[in-house]
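A short worksheet on the structure shown next.
The values are calculated or read from the model by the stated rules, or taken from the named source; none is laboratory data. It should be emphasised that the depicted structure is a prediction, and the values quoted were computed from it without experimental measurement. Here Cβ is always computed from backbone atoms with ideal geometry, including for glycine, and neighbour counts include all displayed protein chains.
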Amino acid sequence: MNDVIDAYRSILIICGLVCIVGCGTNKFEQEVTIEESSVKFARETVNGQYPILTTMEVKKLLDDGTDCLLLDAMPASSSFNLAHIPGAVNFEFPQEPMDAWTEESMAGRTKEAYQQLLGDDLDRLIVVYCGFVKCARSHNAAVFARELGYTNVQRYAGGIYAWRGSGLAVESN
């Protein structure tokens with residue numbers, strides 16, 4: 001009886017893996033998902049009026065010792081404290097694009113606290129990032145930094161996933 005149960009378990013595991021790896025999908029269907037994500041990102045960038053950076057561009061800024069504030073917009077408890085780019089500071093933003101800064105959307109975090117974290121130099125380079133391209137936390141961080149008058153705000157597109165995927169070092173708290 002145990003052999004039959006083990007056989008069924010093996011079959012279920014194999015079926016599950018096949019479905020996860022690509023059962024019912026093909027490169028054409030995958031392209032729809034890539035397109036949706038790319039267009040969403042492009043529209044956010046145009047609407048936010050900020051430049052975007054790649055992983056290697058951010059790495060070069062840090063390697064060159066460029067004076068910049070690197071801001072991680074992920075939740076501290078579940079993401080930032082586990083892994084962030086060395087030297088980054090944290091200020092959490094919602095994952096979906098925000099039209100306005102409200103107490104509800106920001107879970108009590110204030111614009112004043114954000115402005116204090118960003119500092120007095122409105123021309124300082126501020127690089128914002130979140131988890132991955134599809135996440136809009138960094139978009140929100142960039143938009144509201146610009147709204148507060150900061151003129152040199154850039155968004156790191158790939159975020160911590162691309163950073164780690166490139167084999168670069170991370171810090172944790």
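Looking at Val89, is it in the same structural domain as Lys60 (by TED's automatic domain parsing), within 19 Å of Val46 (Cα to Cα) and at pLDDT 95 or above?
No.
Listed here are the residues, each with its yes/no results for (1) surrounded by 12 or more Cβ atoms within 10 Å (Cβ to Cβ); (2) modelled with pLDDT under 90.
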{"position": "Ala7", "(1), (2)": "no, yes"}
{"position": "Ser37", "(1), (2)": "yes, yes"}
{"position": "Leu53", "(1), (2)": "yes, no"}
{"position": "Asp67", "(1), (2)": "no, no"}
Residue, farthest from Arg155 (Cα to Cα), within the range 46-72, restricted to residues that are without any contact (Cβ under 8 Å) to a residue 40 or more places away in the chain and hydrophobic (A, V, I, L, M, F, W, C): Leu62
The listed residue being touching a Gly at 6+ places or on another chain (Cβ under 7 Å) and not acidic (Asp, Glu), out of Tyr129, Tyr150: Tyr129
First in the range 160-173 and within 17 Å of Asp63 (Cβ to Cβ), second anywhere and among the polar types (S, T, N, Q), Cβ under 9 Å, 6 or more apart: Ala162/Thr54; Ala162/Thr55; Trp163/Thr55; Ser166/Thr55; Leu168/Thr55
Filter result (on the phi < 0 side of the Ramachandran plot and surrounded by fewer than 21 Cβ atoms within 10 Å (Cβ to Cβ)) within the range 159-173: Tyr161, Ala162, Arg164, Gly165, Ser166, Leu168, Ala169, Val170, Glu171, Ser172, Asn173
When residues of the range 93-149 are limited to those that are in a helix (DSSP H, G or I) and of a type in the set (Ser, Thr, Tyr), the one surrounded by the fewest Cβ atoms within 10 Å (Cβ to Cβ): Tyr114
Any hit, the range 74-86, residues being surrounded by fewer than 17 Cβ atoms within 10 Å (Cβ to Cβ), in contact with a Lys or Arg (Cβ under 9 Å, 6 or more places away or on another chain), over 17 Å from Val133 (Cβ atoms) and not aliphatic (A, V, I, L, M): no
